[in-house]
Amino acid sequence: MWRCLVVANRTLASPALVDELLARKSEGDCAFHLVVPASHASLHGMWTEGQARVEASRALEQGLERLKEQGIDATGEVGDEDPVLAIGDALLGAHFDEIVVSTLPPGASRWLKRDLPNRVRRRYRIPVTHVVATPAPVP
């Protein structure tokens with residue numbers, strides 16, 4: 001079974017990411033595990049770790065629900081605010097054959113400004129697929 005680690009936040013339920021995962025599923029038996037980094041949440045110009053985790057948990061629940069609606073079963077967790085560390089933590093608990101990193105488009109994406117897909121490739125030496133998506137509307 002092919003095991004795929006999916007890292008996303010605001011793009012978790014986007015059509016581009018869902019299409020990418022459906023393509024993986026159509027290729028054969030594939031298991032998906034989602035990691036949503038608890039990125040800084042803005043609250044009147046300030047953020048708290050607790051609020052960031054709450055928002056990440058909400059995104060994870062909505063993402064899992066959206067994937068299930070599309071016939072994709074997945075597990076998931078909220079990770080560290082740093083997506084590289086969140087990926088590392090997930091890799092401690094399981095083996096993955098591929099990492100799918102979903103970001104906002106260039107200019108809007110903080111993760112692309114930090115060169116996240118390439119940093120993940122260099123650090124973990126696992127194939128990385130980068131999906132550029134727009135945030136999915138909240139139902």
What pairs come up if the first residue lies in region 51-70 and is over 15 Å from residue 10 (Cβ atoms), the second is among the acidic types (Asp, Glu), and their beta carbons are under 8 Å apart, counting only those six or more places apart or on different chains? 67/73
What are the residue pairs meeting all of these: first residue in region 1-19, first residue among the hydroxyl-bearing types (Ser, Thr, Tyr), second residue assigned to a strand (DSSP E or B) and crowded, with 22+ Cβ neighbours inside 10 Å, Cβ atoms under 7 Å, and 6 or more apart or on different chains? 11/102; 11/103; 14/102
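Quick check on my filter: what residues within region 50-71 are surrounded by 21 or more Cβ atoms within 10 Å (Cβ to Cβ) and under 15 Å from residue 25 (Cα atoms)?
The one that is surrounded by 21 or more Cβ atoms within 10 Å (Cβ to Cβ) and under 15 Å from residue 25 (Cα atoms): 67.
Please find, among 29, 73, 97, 89, the residue that is touching a Phe, Trp or Tyr at 6+ places or on another chain (Cβ under 6 Å) and of a type in the set (Asp, Glu).
97 is the lone residue from the list that is touching a Phe, Trp or Tyr at 6+ places or on another chain (Cβ under 6 Å) and of a type in the set (Asp, Glu).
Residues that are buried (at least 20 other Cβ atoms within 10 Å of the Cβ), over 11 Å from the mean Cα position of the chain (by Cα) and at pLDDT 95 or above: find the helices (runs of 4 or more DSSP H) completely inside region 82-131 holding 1 or more of those.
83-93, 116-124
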Those residues of region 28-57 which are at pLDDT below 80 and hydroxyl-bearing (Ser, Thr, Tyr), in sequence order: 42, 48
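The values are calculated or read from the model by the stated rules, or taken from the named source; none is laboratory data. Note that the coordinates shown come from a computational prediction; the quantities given were computed from them, not determined experimentally. We place every Cβ from the backbone using ideal geometry, glycine too, and count neighbours over all the protein chains shown.
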